[in-house]
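Report on the following structure.
The values are calculated or read from the model by the stated rules, or taken from the named source; none is laboratory data. Model, not experiment: these values are computed from the prediction. Every residue, glycine as well, gets a Cβ built from its backbone with ideal geometry; the counts of neighbours run over all protein chains shown. Note: areas computed on protein heavy atoms with side chains; ligands, DNA, RNA excluded. Shrake-Rupley method; radii C 1.70, N 1.55, O 1.52, S 1.80 Å.
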Amino acid sequence: MSALDPTTVPRERGRLYWLLADCGNLVRRGLLHYQRQPVNIAWQLGFPILSVLLYGYVFGSAMKVPGGGDYQDFLMPGMFVMTMAFGFINTATLVVHDSTKGVIDRFRSMPMASSAVVAGRGVTDLLAACAELAIMMLTAMAMGWRPDGGWGFLGAFGLLLWLRFALIWIGVWLGLLVPNPEAAGGLFAVAFPLTMISSIFVAPQLMPDWLGWVAAWNPISSTAAAARELFGTPVGGGDSWIERHALLMAVGWPVILTAVFLPLAVRRFQRLSR
Amino acid sequence: MSDGHAVRAEGLEKRYGGKPALDGFDLAVREGTVHGLLGPNGAGKTTAVRILSTLVKLDGGRAEVAGLDVARRPREVRARIGLTGQYAAVDEVLTGRQNLEMFGRLFHLGGRRARARAVELLDRFDLTAAADLGVGKYSGGMRRRLDLAASMILAPSVLFLDEPTTGLDPRSRGEVWDSVRALVAGGTTVLLTTQYLEEADRLASRITVIDQGRSIADDTPDGLKDLVGGDRVEVVVAERAELPRVVKVVARVCEGEPETDEEALRVHAPVTDRVAALTEVARTLQDEGVAVEDIGLRRPSLDDVFLRLTGHRTGARTTEKEAAAA
Ligand SMILES: Nc1ncnc2c1ncn2[C@@H]1O[C@H](COP(=O)(O)OP(=O)(O)OP(=O)(O)O)[C@@H](O)[C@H]1O
Ligand SMILES: [Mg+2]
């Protein structure tokens, strides 16, 4: 077997073709991981289902929504947002595994498009997010949640994915920043309070003034409020500027997050070759 | 490459936080050979390999791999090299076959040929039986072989192996050595870094010794041994407690200063009058009633070479003083 052996000569195609093909092959790898580790699927999908069931039944009867309305209509979109928000921990964990085990180095030593390493991660995680959302929504509907169908529903779904998209960059950035997978697990301790101080479980008006203000300006609150609106269940909204412009900011916050963290993630990735 | 060199580096420099990892490092590897890069922990071996394999940018100097400048044409270099890093970089979750297919696709072979190539390489690296087992269940040696197989997908003209047998048991080490020999028989040039003198001696036809980011010697294994010159008398004892007495006897008889390898219960010293010294040491030890396991003459090892070149040892070996104190 020599270097001229035709079975080992790469195919000739344009750069864009290979960027897409490499990305596709890494998505395929990500999906093979799920296939080979069904326990992980169970955990990743089981957590959202369990959350919907637990919070729905445990808090459901006790919680009040300011201005009246059904707490379930308030809670469910919030749960979807929470799952999207925690997603960055998955991204970070997968990235830190690949970087500490030398897999990213191997990819970088190959003639593939190195941006595909990040792009492939992002597409895989968005596919996983679609599956998570779908299964949560089905569970919520089984519990009696009745959103409007149609464009509003698709719009809400899209905004949830849009938030998840922005969080990919935070995930990649953190994944390349933290020293080992154990540290990535510790991100949960940071993420938990950050998601609680928002409008996903409780309306900001019911919180102490200063906390309510912070919660209202939490980027994930805008997505939650916009989703409630688009699902046709606009309950518990406040009347501060940020709360009145939920739709705008549900689009805007992820743009801002991406503008900040995409360059940080790219820089971190480039720093690997320093 | 015009002058028959697969790798050529001149005055490579790399600093980390102001501290040099490579400090004017030179290297020339002839096509179709195994070249050993030998040095202790922190000498700069991995840094050199990472620069040559385009993973890290250099701060100064020039490097060519397969005739291509690594800084200017990294993409083309990547299509011609294979890299097996210090830690086996394979996907732990996937099976061996899935790993090779994935890397084949990412090497742009296309699905069908990637599958065919995976079958071929699994067979060649003796992994067919474990092909559909998750890599998480592989032994260290199997993982290394899979790592090597992944580096061989494009039949690279230059293969970098960074400490390919560190952490492996002797049997797995032998397996990896066999694989490397087979690769070179197929025409690949191999740059192998190692801390194991035995490994460099066995596999490499030429060795560059690196210390503190600089090449301090470049020669054949035999040439390096001649550098130290002279043979040594070597005594191996059965009991650690005997070592100090042996050291005393050897010091009395031999010209050079004796050295002790406490791990191997071995004392050795350079001699000029080989047979006379050997007989004298043997006789004296017998007279004093020391239980000797083994006694003989040996050519200097690369370990001795390293000590001579750098003034310090490669591994955690004890000096004569420490052995006497123990
Ligand atoms: N990414 C890095 N950041 C900071 N310092 C580094 C980095 N990589 C290497 N170094 C330093 O550069 C020097 C050379 O390291 P290198 O890893 O090349 O040595 P080595 O010969 O491969 O050692 P070992 O046998 O332990 O693998 C060391 O002092 C190391 O601490
Ligand atoms: Mg190293």
- Item | the range B:241-285 and the range A:101-126: distance between their alpha carbon centers, rounded to Å | 57
- Chain-alone versus full-assembly comparison, the range B:89-122, residues with accessible loss of at least 40 Å² (1.4 Å probe): B:ALA89, B:ASP91, B:VAL93, B:LEU94, B:GLN98, B:MET102, B:PHE103, B:ARG105, B:LEU106, B:PHE107, B:HIS108, B:ARG113
- In vacuo Debye scattering of chain A, one point per C-alpha: log10 I(q)/I(0) at q = 0.15 Å⁻¹? -1.11
- Message: Give me the net charge for the shell around A:MET143: Cβ to Cβ below 15 angstrom, other residues only, Lys and Arg +1, Asp and Glu -1.
- Response: -1
- Task: Could you calculate, for the range B:220-306, the ratio of the Cα radius of gyration to the Kirkwood radius, expressed as Rg to Rh?
- Result: 0.97
- Report the accessible surface area buried between chains A and B, summing both sides, using a 1.4 Å probe on protein heavy atoms only, in Å² rounded to the nearest 100. 3500
- Query: In degrees, nearest 10, range 0 to 90: what is the angle between the Cα axis of helix A:219-230 and the longest Cα principal axis of chain A?
  - Reply: 70
- Item | Rounded percent of accessible protein surface that carbon and sulfur make up, chain B, 1.4 Å probe | 47
- Under a point spin-label approximation (7 Å from Cα along Cα-to-Cβ), what is the B:GLN212-A:PHE153 distance to one decimal in nm? 7.3
- Along each of the three principal axes of the Cα atoms of the range A:39-186, give the extent in whole Å, ordering the values from largest to smallest. 58, 33, 28
- Message: Testing the spin-label approximation: label points 7 Å from Cα along Cα→Cβ at A:PHE192 and B:SER139. State their distance in nm.
- Response: 4.3
- On a 0 to 90° scale, report how tilted helix A:246-271 is relative to the longest principal axis of chain A, with both axes built from alpha carbons and the result rounded to the nearest 10. 30
- Task: May I ask you to list the residues of the range A:128-149 whose amide nitrogen lies under 16 Å from a point 7 Å from Cα along the Cα→beta-carbon direction of A:TYR57?
- Result: A:139-145
- Normalized C-alpha radius of gyration of chain B, against 2.2 N^0.38 Å? 1.15
- Note on the structure: Losing no less than 20 Å² of accessible area (probe 1.4 Å) relative to the isolated chain, the residues of the range A:101-117 are A:LYS101, A:VAL103, A:ASP105, A:ARG106, A:PHE107, A:ARG108, A:SER109, A:MET110, A:PRO111, A:MET112
- Residues of the range B:228-260 with amide nitrogen under 13 Å from the 7 Å Cα-to-Cβ point of B:THR279? none
- Per GNM of chain A with C-alpha springs under 10 angstrom, the most fluctuating residue out of A:GLY158, A:GLY102, A:GLY171 is A:GLY102
- Tilt, helix A:187-196 to longest principal axis of chain A (alpha-carbon atoms), in degrees rounded to tens, equals 30
- Query: So what is the accessible area of chain A per residue, in Å², with the probe set to 1.4 Å?
  - Reply: 46
- If you take the beta carbon distance between A:GLU182 and B:ASP126 as r and set R0 to 35 Å, what does 1/(1 + (r/R0)^6) give as a FRET efficiency, to the nearest 0.05? 0.50
- Query: From Cα coordinates alone, what are the radius of gyration and Dmax values for the protein assembly as shown in angstrom?
  - Reply: 31.3, 106
